[in-house]
Structures are given as structure tokens and as C-alpha cells.
Amino acid sequence: MIGVLIFPDFQILDASGPISVFEIAGRYAKSPAPIRLIAAEPGPVRSSSGVEMLARKFGSPSAITTLVIAGGDGVEAAARNPCTLSFVRAVAKRGTRVASVCSGTFILAEAGLLDGRRATTHWVRTRQFLATYPAVKLEPDQIFVRDGSIWSSAGITAGIDLALAMVAEDHGEEIVQKTARQLVLYHRRSGGQSQFSSLLELKAPTGRFGPLLTWAREHLGTRLTVADLADRAGMSARHFTRAFVAETGTTPSKAIERLRIEVARSRVQSSSEAIERVAEATGFRDPERMRRAFIRAFGQPPQSLRRSARAG
């Protein structure tokens, strides 16, 4: 049985997205697994939208073959619920596949299931998560992360990507491709959360390192190592890196790369400037290095973004 754990003020797409994936995949595989909405308190559970979904009581952990935990506005209260934490721990203790969608990662972390493990969460929650759970190896730019039997996904629709990856593991490529086509989705989404989030945040940086990032954005064509940034901030490199991650939710090196990517993207899309010149001016130096960075962030190379901008 696939259990989808919800709680008051959960995000409805965190639950309904994976449910739809598992439903359609089961139909194509001709081996549908029962899917149950479960909650600490059975009955109608109100989502953050006001729409209610009917949930059953948790029941026996042994009945669960996959547990998917939704996120949403009510996740912090849910992460303090002893019944919820006890159930999640009991399911995980059996070696069962356990996953979180969006901020549902907080429940996994509060249950102690992520200490020393890799995980991700919604980009908006990155700073809060890093400050609250420093023992977790958070990877903020990933769409989803798997570490053994524990899975976690980024914001909201990324739960669909996570569910498709589970379908691929359970039923193979043919079934997951059919499922994605039926849902009119990409089989595998390219790029990371930065294509939607962190790049935009860094355009107008605020907080302790805002002036430093503004200065860095104006000097992208120069060498900007961690040591250079730390020196400008008047801090040791080690202390600077720790403080920067706590403040911004990303490492100094990744922040500089994201600034370079965003400035380079703007120049690529808005001008006919040679790709080589853009790479040089934004500090990538090598066009191939810039191409790889674009693929990581946007899922496509600079030339494709330029063609799309011109077509648009």
C-alpha cells in the first residue's frame, strides 16, 4: 500500500501530484497498488487552499510499502506531533521507502531520519532548514534526492518528478514514459531549483552579505574565489563560508556561479554578442564551462536559450 501522509494546512498538490502518478503507472503496469491518504486524525483534512481530503488513521506500519509525506503551511505543527513522528519512524525502521514532498522534509528531519543524509526541500525553506537541521546534508538546488530508502523532493510539483523516479524503479522505463506522456509531463525535468528561485533572489541581495553580492555582480569578469570574497568581507575563509551558507542558503562558489549564469543568460537572450565574449565577460572564461553551467541551471545550452528568445 502507498500511504500519502497529510495534515491540516497541507499543500494539496504535494499529495495529489504523486497520487496521480502512482494511479496512472499502476494502470499501465496492470498491477495497481492501493493508495491511501493517512493522517494522525482521521476524517476530512483541510488543505491550505481550504479544500478537504478524506484521510484514514495511520494504521499498521507493516502495511505501507511506500510512504509519501506532503508539505505545506502546516508542516511545522505536524513535525511537532508525537503520533506523526512515531509513525514515520516506525515505517522507516522497517526499511520501507519513505519520501517527502516540498517542506515535508521537515517531518523527516524532525523524526531524525535525515541526520548525515543527503536531502532537499523547497527553496523558500532552505535557510530555515539549514539553521534548524545542521546535521542534514542539504542539497538546495536538486529537484529530488535519494539517499538509500529515504527520498526527498523540492517545491510542490517536484513531488511529481520524485514519484516518476519511483515508478521507473518499480516498473521500468517503458511504464514511466507512458505515465509521463499521459500526464503531459517531461519524463525527466532538466535543471535544478535555481532555474526558478535562487537566481532571482540573488538579483537583489539583502541581509548581511547583500553589499558583497552586489559588488560581486559588478565584478564578475574578475577572479572571485572564496578567499577573495572572504578578504573583502573582512573574515577568514572558513568563518566566511559558514556564515554565508547560514545567511543565503548556498555556498559562496555556487552563489557566484548563479550570478554569472543569470548575467550571462540576460546577455545571451537580449543581444547577438558572441557566446565566447559573453563567457569571457561574465567570468566563465571558457565557453564550454559556461555551457555546462547553463545545462545544470536551465536544462539547455546558451544557444538554445538564444534561439528560444528570438522565436518568442
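The values are calculated or read from the model by the stated rules, or taken from the named source; none is laboratory data. Since the structure is predicted, the reported quantities are computational estimates derived from the model, not experimental observations. We place every Cβ from the backbone using ideal geometry, glycine too, and count neighbours over all the protein chains shown. With ligands, DNA and RNA removed, areas are computed over all heavy atoms of the protein, side chains included. Shrake-Rupley method; radii C 1.70, N 1.55, O 1.52, S 1.80 Å.
Here Gly159 clears all of (1) in a helix (DSSP H, G or I); (2) at pLDDT below 90; (3) under 20 Å from Gly26 (Cβ atoms) except the condition numbered (2).
In this structure, does Ala297 turn out to be under 16 Å from Thr222 (Cα atoms), of a type in the set (A, V, I, L, M), assigned to a helix (DSSP H, G or I) and open to solvent by less than 80 Å² (accessible area, probe 1.4 Å)? Spell out the reasoning first.
Numbers: under 16 Å from Thr222 (Cα atoms): no; of a type in the set (A, V, I, L, M): yes; assigned to a helix (DSSP H, G or I): yes; open to solvent by less than 80 Å² (accessible area, probe 1.4 Å): yes.
No: the conditions fail for Ala297.
With the structure loaded, tell me whether Val145 is assigned to a strand (DSSP E or B) and buried (at least 16 other Cβ atoms within 10 Å of the Cβ) or whether it fails that test. Yes, satisfied. Being touching a residue at least 60 places away in the same chain (Cβ under 8 Å), out of contact with any helix residue (DSSP H, G or I) (no Cβ under 6 Å at 6 or more places or on another chain) and over 22 Å from Phe129 (Cα atoms) is the filter here, so list the residues in region 56-86 that pass it. Residues satisfying the conditions are Ala63, Thr65, Thr66. Scanning region 168-215 for residues that are open to solvent by 20 Å² or more (accessible area, probe 1.4 Å) and of a type in the set (Ser, Thr, Tyr), we see that the one that is modelled with the lowest pLDDT is Ser198.
Of the candidates Leu114, Leu108, the single residue that is under 18 Å from Thr132 (Cβ atoms) and either open to solvent by 10 Å² or more (accessible area, probe 1.4 Å) or part of a helix (DSSP H, G or I) (or both) is Leu108.
Of all residues in region 267-283, those that are free of Cβ contacts under 8 Å to residues at least 12 places away in the same chain have Cβ atoms under 7 Å from Cβ atoms of residues that are in a helix (DSSP H, G or I), 6 or more apart or on another chain, in Glu273/Arg267; Glu276/Pro287. Can you find a residue in region 47-68 that is closer than 16 Å to Phe106 by Cα and at pLDDT 95 or above? Yes, because at least one residue in region 47-68 is closer than 16 Å to Phe106 by Cα and at pLDDT 95 or above. Inspect all residues belonging to region 216-228 and state whether any of them is open to solvent by less than 50 Å² (accessible area, probe 1.4 Å), touching a residue at least 60 places away in the same chain (Cβ under 8 Å), not in a helix (DSSP H, G or I) and not small (Gly, Ala, Ser). Yes, some residue in region 216-228 is open to solvent by less than 50 Å² (accessible area, probe 1.4 Å), touching a residue at least 60 places away in the same chain (Cβ under 8 Å), not in a helix (DSSP H, G or I) and not small (Gly, Ala, Ser). The residue that is nearest to the chain's Cα centre (by Cα), among those in region 43-87 that are within 13 Å of Ile2 (Cα to Cα) and surrounded by fewer than 16 Cβ atoms within 10 Å (Cβ to Cβ), is Thr65. Only a single item in (1) open to solvent by less than 70 Å² (accessible area, probe 1.4 Å); (2) closer than 19 Å to Arg217 by Cα is not met by Gln269, and it is number (1). When region 23-49 is filtered for residues that are within 23 Å of Val184 (Cβ to Cβ) and free of Cβ contacts under 8 Å to residues at least 12 places away in the same chain, the ones remaining, listed by number, are Gly26, Arg27, Lys30, Pro32.
List pairs: first residue in region 5-22 and over 15 Å from Ala55 (Cβ atoms) and open to solvent by less than 10 Å² (accessible area, probe 1.4 Å), second residue modelled with pLDDT of 95 or more and of a type in the set (Phe, Trp, Tyr) anywhere in the structure, Cβ distance under 6 angstrom, at least six positions apart or on different chains. Partner pairs satisfying both residue conditions: none exist.
Counting just the residues of region 237-257 that are charged (D, E, K, R) and over 18 Å from the mean Cα position of the chain (by Cα), which one comes out surrounded by the fewest Cβ atoms within 10 Å (Cβ to Cβ)? Write out each step before concluding.
Step one: list which residues in region 237-257 are charged (D, E, K, R), which gives 238, 242, 247, 254, 257.
Remaining after also requiring over 18 Å from the mean Cα position of the chain (by Cα): 238, 242, 247, 257.
Numbers: Arg238: 10, Arg242: 13, Glu247: 17, Glu257: 21.
That would be Arg238.
In the set (1) within 27 Å of Ala180 (Cβ to Cβ); (2) surrounded by 14 or more Cβ atoms within 10 Å (Cβ to Cβ), Ala40 fails one condition alone, (1).
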